[in-house]
Each structure stands twice: as C-alpha cells, then as structure tokens.
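First the structure, in the form of structure tokens, and then the observations on it.
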Amino acid sequence: MTEKFQQWADNRHDYAREWKKKNGGKVVGYFCTYMPEEILYAADLLPVRIFGSHEPDISIVEPHIFGMYCPVCRGCLAEGLKGRYEYLNGIVLAQSCMHMRQAFWSWEMHIPIEYSHYMWMPHGIQVKGRYEYFRSELVLFKESLEKWIGKKISDDDLDRGIDICNTNCRLLRQIYEFRKQDNPPVTGEEAMEAVLSSQTCDKKEHNKVLKGFLKKLPNRKLDRDQGTRLMIIGSEDDDREFTKMIEQGLSLPATLVIEEHCVGTRYFWNDVVPEKDRLMAIGRRYLDRIPCPSKDWPERLRFPHILNLIKEYKVEGVILMQQKFCDPHETDIPPLTKLLKENGIPTYFVELDTTVALGQFRTRLEAFLETLTMELL
Amino acid sequence: MEELQRITVEPLKTWKKAKELRQKIYENYVKTKETGGLRIAGMTIHPAALIQAFGRDVVFLGSEPYCAGVANWTEFAIQCQEACEKRGVARDLCGYMKNYWGGILIDKFMFPNHKIVPWPKPDLFFNDHFCCSHGKWYQYAAELEGGVPHFGIDISYRQGRNLTEDSIDYVVTQATDGIEWIEKHTGRKFDDELFIEYAMNEFNTNAFWAQAYLLNQAVPAPMEEKSFYSYFFFNMTSPQLKEVTDLFRELRDELQDRVNRGIGAIGMEKLRILTDGPPTWAMLNILRFAEREYGAVIVASFYTSHWGASWDMDESGNFVAPKPPKKEDFASGSREDRLRKYFRWKSRRSSSAAPFIDNPDKLDMTVKMAKQWKCGAAFLHLNRGCEGVSLGIMENKYLLQRAGIPVLTYEGNMGDARDFDVSGTITKIRLFFENIGLKKLSKN
C-alpha cells in the first residue's frame with residue numbers, strides 16, 4: 001500500500017525527469033522547508049527538495065564548504081556537483097540556517113542554472129513587523145518568478161497553489177492521527193516515506209495516493225509488535241535506513257509514532273489560512289509554523305509543541321538525532337534534554353554524520369530500549 | 001638572504017589610552033549597578049546609540065569581544081569550555097558562546113588585566129540576530145541566569161546593495177518595539193536628545209575608523225593586524241561613546257603622521273597579507289612569527305575593517321570612508337525619521353552583516369580589499385569556533401586564488417585553543433612562504 005511512497009522516495013530524480021517530459025514544465029530545487037511551495041505551484045513549477053544521498057564520499061564539496069559545516073548541506077551540494085540534479089531549472093532558498101545558505105550560494109556559483117532566487121526570509125518569527133516584511137519578500141519572489149516564466153501569477157493561481165499544499169498537509173496530518181493509536185497502522189518508516197515523497201514529487205499526484213492510503217487505514221492491521229513507542233526529535237532527517245533499523249532491526253520491538261523535524265511534522269503541521277491578501281496568508285503560514293531552532297527565539301515555541309506531541313502520541317522514549325555541526329539544534333539540546341528529564345521522558349542522544357554507523361547505533365538503541373523495558377516492568 | 005631597507009618603527013602613541021579605555025569599559029559594566037546604572041548585554045553590531053539613549057549610566061557588554069578576551073587567556077577559557085561540556089553543550093558550538101555560558105556556570109568574569117570577579121548578571125539581554133547562534137545564545141544565557149528579559153532584533157533583512165524601504169520599515173518597527181520594551185523593563189524613558197548625541201558619535205567613530213584603516217594602504221603600512229584587534233574592539237562594544245570617537249580620531253591622525261614620516265608597523269615589510277575573520281585568539285604569536293622571521297605583515301582584513309563599522313564604496317568599487325550626516329540633518333524630523341536614518345547608516349553595503357546576508361557580495365569585496373590594500377597573499381582561518389565567519393571561506397579562497405593571490409588556510413578555533421595546533425600551523429606558514437618564494441629575513 002505504501003509502495004508508491006517508497007518508489008517515489010527511492011527514485012526522486014527519475015520522477016522529476018519524467019515529470020518534465022510529461023508536463024513540459026520546469027523543476028525548481030529548494031533547500032529548506034521555509035520555501036513557500038504554494039507560490040511555486042501557482043507558477044506551474046514543480047518544487048523538489050534537494051537532499052543528499054548519504055554516500056560516504058562527498059569530498060567533492062571540500063573545495064567549496066568548510067569541513068565543519070553540517071553533513072546535510074554538504075550532501076546537498078555534493079549531489080549538485082555530481083550532476084545528479086542536472087534536470088533542475090532553478091534553485092531557491094528561503095533564508096534559513098547558514099549552512100543551507102552556503103550550499104545555495106556555492107551551487108549558484110559553480111553549477112549552471114537558469115534561475116536562482118535568495119529570499120531574505122526573516123529569522124525574527126516573533127518580532128513586530130515580520131508579516132509585512134516577509135510579504136514584501138514574497139512580492140519580490142513572485143515578481144522574479146513571473147519574469148522568469150514569462151507570465152503573471154494571478155490570485156487564482158495562488159489559490160490553486162495554496163489548495164494543493166493545504167490538501168497535502170491536511171492529508172498527512174490525518175494519516176498521522178492514526179499513529180496516535182495503540183498498534184498504529186502506519187509505521188514510522190512509512191510515515192517518513194510519505195513525507196519525503198511529498199517533498200520530491202508533484203503534490204497533486206501525491207494527494208491522490210494519500211487519499212487512497214487514508215481510506216484503507218481504518219481497517220489496516222500490521223502484523224508486528226508495536227513495542228516501545230518512540231519519538232525522534234532532530235533537524236533534517238531523511239535517513240530511512242536508520243528509521244528502518246529502529247522498527248525492524250532491533251532485538252526489542254519499537255515503533256516510531258511521531259517525530260519533530262523537518263522531514264516530519266514541522267513540514268506540514270499548519271496550513272495557509274485563506275485571506276484576501278494571498279501573499280500575506282502564505283507568509284503567515286511560514287512565520288507561524290513550528291519553527292526551526294534557528295528562528296525559535298527569544299521565547300521557545302518549539303518546546304511546548306514537543307511536549308504536546310509526546311502527550312498526544314503517548315511517547316515512551318525520545319531519540320534526539322543531532323546532525324553533526326548543526327548549531328541551532330545543538331544549542332537546543334541541553335535545555336531540551338533537561339526539559340524532557342523534568343517531564344519524566346527517557347531520552348537518548350545520537351549524533352549523525354553523512355553516513356550513519358548503523359551497527360553501533362543498533363547496539364546503543366537496543367540498550368536504550370532495554371532500559372525502557374526494564375523501567376516499564 | 002635578501003637584504004631590504006629597514007623601516008623605522010615606533011610604538012603607537014594611542015596604545016596605552018586604548019588599553020586603559022578597554023579596562024574601564026569592563027569595570028564600568030561591573031560597577032554601574034552600584035550607582036543605579038543598567039547592565040545590558042548582547043551581540044555586537046548592536047544599535048549602540050539606541051541602547052545608550054536610556055542613560056549615560058547604561059553600560060553594554062558586547063559579548064563577542066569579551067569572549068575573545070577570554071579565549072586569549074587559555075587557562076580561563078578552558079574552565080569555561082569544560083563547564084559547558086559537562087552540561088552537554090556540543091564541542092563544536094560557537095566558541096564565544098561557550099566562553100560566555102561557561103562564565104555564567106563557573107560564576108567568573110574576567111577583566112582584560114586578568115582580574116576575576118563574580119559573574120555580573122545583566123539586567124537585560126538586547127541582541128541583534130543574523131547568524132544561527134545569536135538569538136539562541138541569549139535565550140539559553142537568560143535561562144542559565146535564572147531568567148533575564150531578552151529582546152532580539154532580527155537584522156537578517158535585505159541590506160547593502162539589496163536594501164529596500166521595506167527592510168528599513170522592518171528594522172525600525174522592531175527598534176521602536178525594542179524601545180518600548182526597554183522602557184517597560186527598566187522604567188526609564190528613551191531620551192531622543194541622547195540618541196542624537198550618541199548616534200552622531202557612532203557615525204563619527206565609524207568614519208574615523210574607516211579613515212584610519214584606509215591609511216594602511218600606504219607602503220609601508222603604519223599598523224598591523226594584531227594592533228588593529230585592540231582598537232576595533234571599540235567598534236563592536238561602544239562606538240557611541242565620545243571617548244571612542246576621540247580615540248579613533250587620534251588614531252587616524254597618528255596613522256596619518258606615521259604615513260607622512262614613513263613609520264611602519266614592522267621593520268621589514270616584504271609581504272603584505274590579507275586576512276578574514278577572527279584569529280585563534282590564544283595564539284596571536286603566530287602573527288608575530290610571520291612578521292619577525294619573514295617580514296610578512298597582515299595589513300588588511302574584512303573582519304577588523306568592517307565589524308561594527310560602516311563603509312562606502314565609490315563608483316570604481318573602491319572602499320572609501322563614509323561621510324557622517326550633519327547633526328542638524330540627522331536630528332531633524334520625528335523619532336521615526338531619525339531611526340530610519342540611523343538604520344540606513346547601519347545597513348550599508350559594506351558592513352558587518354554582509355558576510356552572513358549577502359555572502360557573494362562579501363566575497364567580491366574581499367578580493368577588492370586585497371587589491372586595494374596591495375596584498376600579495378592571504379591567510380584564511382578555517383575557524384571551527386564560528387560557522388558565521390567561515391561562511392563562504394572556501395569560495396573566498398577560490399576567488400582570491402583566481403585573482404592571483406596565493407592563499408594559506410589553517411584550522412583553528414577563535415574561542416578554544418584546544419583546537420589549534422601551533423607548531424603545525426607554523427610549519428604550514430613556512431611551507432607556504434617557501435612555495436611563494438618568500439625567504440626568511442636576514443638576521444642582520
């Protein structure tokens with residue numbers, strides 16, 4: 001049933017090439033989920049999130065990015081430099097962390113591309129004036145796209161783009177509701193593939209498959225032991241092998257029932273609330289979403305949301321997955337660990353790099369599950 | 001060995017004054033509470049005049065220069081770093097941030113003369129944010145301090161060559177909100193006259209700094225980078241103070257005098273070097289090594305020239321000093337008008353935020369700087385303690401090399417000497433010089 005998501009996630013480059021052939025359209029790569037895909041859909045473009053491939057050798061980026069930048073940004077640039085994204089017509093970045101900025105600017109400098117746009121998205125998602133300023137950036141972005149594609153993007157187009165993305169978000173949230181159940185009919189791996197594929201394929205197609213999957217969920221029973229209910233908290237995490245290892249490869253059963261990262265709930269947890277000023281409505285969605293830590297200041301908005309998810313999804317243990325060198329998430333780790341401890345939530349910290357040492361992590365996570373199981377007994 | 005004409009050197013006359021002023025600023029930060037003053041801490045490149053407009057007894061701690069000072073004292077810095085590591089703070093986080101948090105955790109604050117006092121808790125945090133860490137720095141610091149009110153101004157907006165009126169609207173809206181916030185948390189009122197006074201000081205400080213720095217285009221250069229570190233500190237912490245404006249005017253005059261008389265920074269200037277970003281503060285002796293043994297002197301840096309400063313560029317793309325507005329022009333209009341003028345000054349193309357917000361432009365400016373200051377080589381510090389200044393650094397290397405400027409890169413950490421290999425770096429420098437044909441100076 002979830003094979004389509006898996007297929008899309010496995011073959012994202014082939015999908016994009018086929019889409020271009022079939023539709024005669026243009027494909028735009030983006031680096032961070034703060035990019036308003038609604039506007040790209042409104043322009044009849046296909047937005048695809050750029051991901052690395054977790055290959056061990058990404059030395060190709062060494063002349064471009066300092067070694068202590070995160071594996072995510074280095075992996076993304078490596079894919080570009082290796083020519084795997086040769087089908088992209090454009091790249092865009094909504095200003096986020098410095099690492100993604102680096103990947104974007106190096107890509108712009110060294111990889112031929114028809115179109116590129118850097119959007120100065122505010123970091124101050126709690127400051128006064130943020131909506132108006134971001135709207136002005138969206139206006140500039142829209143105008144830049146119009147110039148490139150040679151046609152105006154109307155309010156009807158924006159409504160269409162908003163509807164496509166809102167539908168996708170809503171359907172994903174509906175699927176996630178099922179993960180609250182005991183013995184959830186969706187595994188963490190399947191959920192990850194559903195979200196991952198929504199970031200790399202046409203959401204119009206994706207929505208159809210999501211609807212079909214959703215219809216079958218009430219009667220779906222998985223032949224597996226739920227085991228310990230786990231949550232992953234992290235930055236960017238598209239490591240399916242790691243997720244699979246947790247749910248299928250450990251000597252004790254476990255299920256990833258929810259996650260808080262940007263190939264997860266952070267991506268789709270809120271919608272565009274329609275208003276007459278479409279760009280303002282889109283801007284609000286991105287400024288008001290659960291923030292990336294790089295934008296989560298001065299008040300912490302992310303932590304109450306995490307505690308809420310833990311409660312709603314009956315989480316029994318949290319895996320903190322830290323991408324090495326990711327400063328914003330690393331800065332949150334000590335206070336987050338303290339908060340989870342104060343709330344009686346067992347936590348285990350793992351640090352990731354470009355490749356993931358599955359064997360070592362298996363041993364460590366099994367030990368973590370053993371301690372949880374003993375506590376439950 | 002090659003013989004060169006020896007250059008006359010002299011100590012800087014303003015040096016002692018700079019050292020004393022720096023000590024005084026930190027002492028004032030600690031002592032101001034005794035007389036009812038306010039302590040405000042935050043990131044540098046802050047709206048200095050805005051903060052100072054709440055009273056002459058407001059003392060601002062620019063955290064990065066403080067933490068650089070900590071880093072310069074290795075033994076103390078390691079105490080701070082280890083205190084953080086025991087708390088689970090990642091080793092690769094911003095080196096300055098860890099020196100700051102560490103100080104809170106061990107309840108120790110150091111003065112430049114290495115006197116230690118208990119950590120002075122600020123009344124408020126008021127910080128600018130444009131790198132990934134700054135907003136988070138004070139967020140966690142506020143928690144470690146047991147709850148200090150924290151306000152952040154987002155300055156990651158479109159600036160410089162991309163500046164728009166919407167950008168100015170954005171920052172002025174925040175600044176206005178910030179003024180109300182400080183009023184609410186302190187019971188003090190924003191004084192428009194003080195703001196005008198301090199803003200004019202800040203403009204003039206920036207102008208004098210740029211004028212002084214431009215004099216380093218002279219051959220021989222009248223000042224070297226290690227000395228610049230001690231002065232540019234004031235750009236970052238207190239550009240609004242009259243003592244700083246006066247100091248920079250004197251420095252400019254002193255450097256002009258040195259240029260007129262052919263006084264150099266070092267006795268033999270064989271190679272002029274550009275650098276970028278903060279050094280490993282604990283190991284500044286490597287700069288002296290290069291000067292002493294090879295006559296290789298750092299004469300220009302995007303970091304010391306631009307951090308906390310403001311520059312203009314002329315039509316040919318050369319860096320020129322900015323022209324401060326006349327006081328009556330700046331003072332005219334409403335408070336909002338003045339804030340707009342103020343932030344327009346701070347949002348120029350060639351400013352501190354450029355590396356983070358418009359890195360391609362910053363890279364372009366670095367190459368321009370190398371040419372304008374007649375640099376024959378570049379040293380780039382691959383700084384494990386700061387991802388912000390390392391943004392674009394490898395592309396910086398590529399562009400400089402493409403412009404015909406040989407580049408040495410070396411790894412280090414501005415905040416943590418444990419990440420720096422002194423002897424290895426010295427070997428690299430020797431090999432680099434050998435590769436570019438620079439011979440050691442004769443012992444005579």
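The values are calculated or read from the model by the stated rules, or taken from the named source; none is laboratory data. Being a predicted model, the structure only gives us computed values, none of them experimental. Using ideal geometry, Cβ is built from the backbone for each residue, glycine included, and neighbour counts are taken over all protein chains shown. Surface areas here come from the heavy atoms of the whole protein model, side chains and all, with no ligands, DNA or RNA. Shrake-Rupley method; radii C 1.70, N 1.55, O 1.52, S 1.80 Å.
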*asked:* Going by what's in this entry, would B:Glu145 be described as more than 9 Å from chain A (Cβ to nearest Cβ), among the charged types (D, E, K, R), farther than 30 Å from B:Lys17 by Cα and without any contact (Cβ under 8 Å) to a residue 40 or more places away in the chain?
replied: no
*Somewhere in the range A:92-114, is a residue within 29 Å of A:Gly25 (Cβ to Cβ), more than 12 Å from chain B (Cβ to nearest Cβ), part of a helix (DSSP H, G or I) and small (Gly, Ala, Ser)?*
no
*Looking at the range B:118-141, which of the residues that are in a helix (DSSP H, G or I) and open to solvent by 10 Å² or more (accessible area, probe 1.4 Å) is farthest from B:Ser63 (Cα to Cα)?*
B:Tyr140
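Let's see how each residue does on (1) aliphatic (A, V, I, L, M); (2) in contact (Cβ under 8 Å) with a residue 12 or more places away in the chain; (3) over 21 Å from B:Phe233 (Cα atoms):
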{"site": "B:Glu328", "(1), (2), (3)": "no, no, yes"}
{"site": "B:Ser334", "(1), (2), (3)": "no, no, yes"}
{"site": "B:Arg338", "(1), (2), (3)": "no, yes, yes"}
{"site": "B:Tyr410", "(1), (2), (3)": "no, yes, yes"}
{"site": "B:Asn413", "(1), (2), (3)": "no, yes, no"}
*Those residues that are more than 8 Å from chain A (Cβ to nearest Cβ) and either in contact with a strand residue (DSSP E or B) (Cβ under 6 Å, 6 or more places away or on another chain) or not hydrophobic (A, V, I, L, M, F, W, C) (or both), I need them from the range B:148-175; list them, please.*
B:Val148, B:Pro149, B:Ile155, B:Gln159, B:Gly160, B:Arg161, B:Glu165
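Restricting to the range A:225-239, and then to whatever is small (Gly, Ala, Ser) and in a loop (DSSP other than H, G, I, E, B), can you tell me which residue is modelled with the lowest pLDDT? Give the steps one after another, and end with the answer.
First pass over the range A:225-239, keeping only residues small (Gly, Ala, Ser): A:227, A:234-235.
When the remaining residues are screened for being in a loop (DSSP other than H, G, I, E, B), the result is A:227, A:235.
Values: A:Gly227: 95, A:Ser235: 84.
In this case the residue turns out to be A:Ser235.
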*Mind checking which residues of the range A:338-355 are over 25 Å from A:Asn308 (Cβ atoms), open to solvent by 30 Å² or more (accessible area, probe 1.4 Å) and touching a helix residue (DSSP H, G or I) at 6+ places or on another chain (Cβ under 6 Å)?*
A:Asp353
*If you check every pair at least six apart or on different chains, which have Cβ atoms under 9 Å apart with a residue in the range B:309-324 that is exposed (fewer than 14 other Cβ atoms within 10 Å of the Cβ) first and a residue that is at pLDDT 95 or above and assigned to a strand (DSSP E or B) second?*
B:Asp314/B:Val320
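Go through the range B:83-124 and report how many residues are farther than 20 Å from B:Val30 by Cα and basic (Lys, Arg). If you could, list the steps in order and put the result at the bottom.
Filtering the range B:83-124 for residues farther than 20 Å from B:Val30 by Cα gives B:83-95, B:98.
Among the residues that remain, those that are also basic (Lys, Arg) are: B:86-87, B:91, B:98.
The qualifying residues number 4.
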*Looking only at the range A:96-103, decide whether some residue is open to solvent by 10 Å² or more (accessible area, probe 1.4 Å) and over 21 Å from B:Ile357 (Cβ atoms).*
no
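In the range A:146-191, what count of residues is obtained for those that are hydrophobic (A, V, I, L, M, F, W, C), in contact with a strand residue (DSSP E or B) (Cβ under 8 Å, 6 or more places away or on another chain) and either at positive phi or surrounded by 22 or more Cβ atoms within 10 Å (Cβ to Cβ) (or both)?
Going residue by residue through the range A:146-191, those that are hydrophobic (A, V, I, L, M, F, W, C) are A:148-149, A:153, A:158, A:162, A:164-165, A:169, A:171-172, A:175, A:178, A:186, A:191.
Then drop every residue that is not in contact with a strand residue (DSSP E or B) (Cβ under 8 Å, 6 or more places away or on another chain), which leaves A:148, A:191.
Checking the rest, the ones that are also either at positive phi or surrounded by 22 or more Cβ atoms within 10 Å (Cβ to Cβ) (or both) come to A:191.
Here the count works out to 1.
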*Determine which single condition A:Val48 fails, assuming it passes every other condition in (1) within 11 Å of chain B (Cβ to nearest Cβ); (2) β-branched (Val, Ile, Thr); (3) farther than 22 Å from B:Gln401 by Cβ.*
(1)
*Of all residues making up the range A:53-84, the number that are touching a residue at least 60 places away in the same chain (Cβ under 8 Å), more than 14 Å from chain B (Cβ to nearest Cβ) and surrounded by fewer than 22 Cβ atoms within 10 Å (Cβ to Cβ)*: 4
_Qualifying position, being over 22 Å from B:Val58 (Cα atoms), open to solvent by less than 20 Å² (accessible area, probe 1.4 Å) and not in a helix (DSSP H, G or I), among B:Ser156, B:Ser167_ = B:Ser156
*Do we have any residue at all in the range A:152-166 that's touching a Leu at 6+ places or on another chain (Cβ under 6 Å) and modelled with pLDDT of 95 or more?*
no
*Can you run down the residue pairs with Cβ atoms below 8 Å, 6 or more apart or on separate chains, where the first is in the range A:257-278 and open to solvent by 50 Å² or more (accessible area, probe 1.4 Å) and the partner is part of a loop (DSSP other than H, G, I, E, B)?*
A:Trp269/A:Arg289; A:Trp269/A:Ile290
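If you take the residues in the range B:220-246 that are farther than 30 Å from B:Ala53 by Cβ and not in a helix (DSSP H, G or I), which one is most open to solvent (accessible area, probe 1.4 Å)? It would help to see each step written out before you state the result.
Of the residues in the range B:220-246, the ones farther than 30 Å from B:Ala53 by Cβ are B:220-227.
Applying the additional criterion that residues be not in a helix (DSSP H, G or I) yields B:220-224.
Details: B:Pro220: 27, B:Ala221: 0, B:Pro222: 1, B:Met223: 1, B:Glu224: 11 Å².
Across the range B:220-246, the extreme among qualifying residues is B:Pro220.
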*asked:* Being buried (at least 20 other Cβ atoms within 10 Å of the Cβ), more than 10 Å from chain A (Cβ to nearest Cβ) and small (Gly, Ala, Ser) is the filter here; which residues of the range B:385-431 pass it?
replied: B:Gly412, B:Gly415, B:Ala417
_Counted residues, the range B:276-289 - those being buried (at least 24 other Cβ atoms within 10 Å of the Cβ) and outside any loop (DSSP other than H, G, I, E, B)_ = 3
*Tell me which residues, restricted to the range A:10-33, are among the basic types (Lys, Arg) and under 14 Å from A:Glu79 (Cβ atoms).*
A:Arg12
*Does at least one position in the range A:120-132 carry a residue that is of a type outside the set (D, E, K, R), open to solvent by less than 20 Å² (accessible area, probe 1.4 Å) and more than 9 Å from every other protein chain (Cβ to nearest Cβ)?*
no
*Which residues, counting only those in the range B:79-117, are modelled with pLDDT of 95 or more, among the β-branched types (Val, Ile, Thr) and buried (at least 19 other Cβ atoms within 10 Å of the Cβ)?*
B:Ile104
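State whether the residues of the range B:54-67 include one that is surrounded by fewer than 20 Cβ atoms within 10 Å (Cβ to Cβ), in contact with a Leu (Cβ under 8 Å, 6 or more places away or on another chain), within 14 Å of chain A (Cβ to nearest Cβ) and of a type outside the set (A, V, I, L, M, F, W, C).
The answer is no; no qualifying residue exists.
Which helices (runs of 4 or more DSSP H) sit wholly inside the range A:276-377 and have at least 2 residues that are within 14 Å of chain B (Cβ to nearest Cβ)?
A:278-288, A:302-312, A:327-342
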